[in-house]
C-alpha cells in the first residue's frame, strides 16, 4: 500500500509523492509552539514539512519495510539537507524508527 | 589533549569525564528559550547536558579524531538514550560533525 505514486486519484485530485529521509522531534520541543500556532505534542500524529499547507494529510511509508503512518502537517522543517519530514514521536514509533532515528521514506499527499 | 581523565586538577578542583554520544540542535530551536532562560543561539558555543549546572564549562573531544571544542552549558537535554550532550551548530561545526549528526565524544569538566 505504498501506492499513489503520481498516478493515483483521491477525491478527484492528483496525489503527489516525494522520497527522502524522515527524522523525528527531540523531546526538547514538547509543548512548544509550532509554526502553525498549535502547541507541539509528541503523542499526536503530526509532522513538519518545508512547504505543504498546514492541515495537509500525509501518508508516510518506510521504503525498507513498507510500514506506514498517516500524519497531519502542523509545523515547518526539517532543516537538514536530504530530510523531507520530521515526525512526532508517536508517528516515529508507528514506523518503528525510534532507535534508528532516521529512515528512508516515501510520502504521499493530495494537494 | 583529551586529558583531564579523572586525575587532572584545575584551580584545585578535580576534573571529571564522561563518555557517550554527542548530537546537535535542530534549527527549529533557534531563538527559543533554553532551560536556563537564555534564548538559544546556534552560533554561540553552548550545549545541553542532563544535570551539570548552567554556566559549567565543558571540553568536548571527539573519540575518533581528537577534535575539541569548549562549550558552556545553558540548557537541559539530550533526551535520547546514550546521548550525553547536545551541541549548538557552531560547536558541532568545530568538531566537524555536521554531516554525520552524531559522534562519540568524551566530555570533561570541573564541578
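Quick one: with label points 7 Å out along Cα→Cβ, list the inter-copy distances for residue B:31 in nm, shortest first?
Distances between equivalent label points, in nm: 2.2.
What are the label-to-label distances in nm, one decimal and shortest first, from residue A:67 to the same spot in the other copies, with labels 7 Å along Cα to Cβ?
Those label-point separations list as 3.2 nm.
Using a 7 Å offset from the Cα along the Cα-to-Cβ direction at both residue A:63 and residue A:81, what is the distance between the two label points in nm, to one decimal?
Label at residue A:63, label at residue A:81, 1.7 nm between them.
Compute the Kirkwood hydrodynamic radius of region B:9-110, taking the inverse of the mean of 1/r over all pairs of distinct Cα atoms, and give it in Å to one decimal.
13.4
Over what distance in Å are the Cα centres of region A:59-78 and region B:23-76 separated?
If you average the Cα positions of each part, the centres end up 30 Å apart.
Taking all pairs of distinct Cα atoms, average 1/r, flip it, and tell me the Kirkwood hydrodynamic radius of region A:39-82 in Å to one decimal place.
11.3
Sorted from fewest to most neighbouring beta carbons within 10 Å, what does the list A:69, A:80 look like?
If I rank by nearby Cβ atoms, fewest first, I get A:80, A:69.
Using a label position 7 Å from Cα in the Cα→Cβ direction, what is the ascending list of nm distances from residue B:56 to the same site in the other copies?
For residue B:56, the other copies' label points sit at 4.3 nm, shortest first.
Rounded to the nearest 500 deg cm²/dmol, what is the calculated helix-only ellipticity per residue at 222 nm for chain A, with -39500 (n - 2.57) per DSSP H run of length n ≥ 4?
-1000 deg cm²/dmol
Can you give the mean number of other chain Cβ atoms that lie within 10 Å of the Cβ atoms in peptide B:80-91?
Averaged over the peptide's residues, the number is 1.
Readers should treat all values here as calculations from the given coordinates under stated rules, not as data from a laboratory. Quantities reported herein were computed from a predicted structural model and do not represent experimental measurements. Note that each Cβ is placed from the backbone with ideal geometry, even for glycine, and that neighbours are counted across all protein chains shown.
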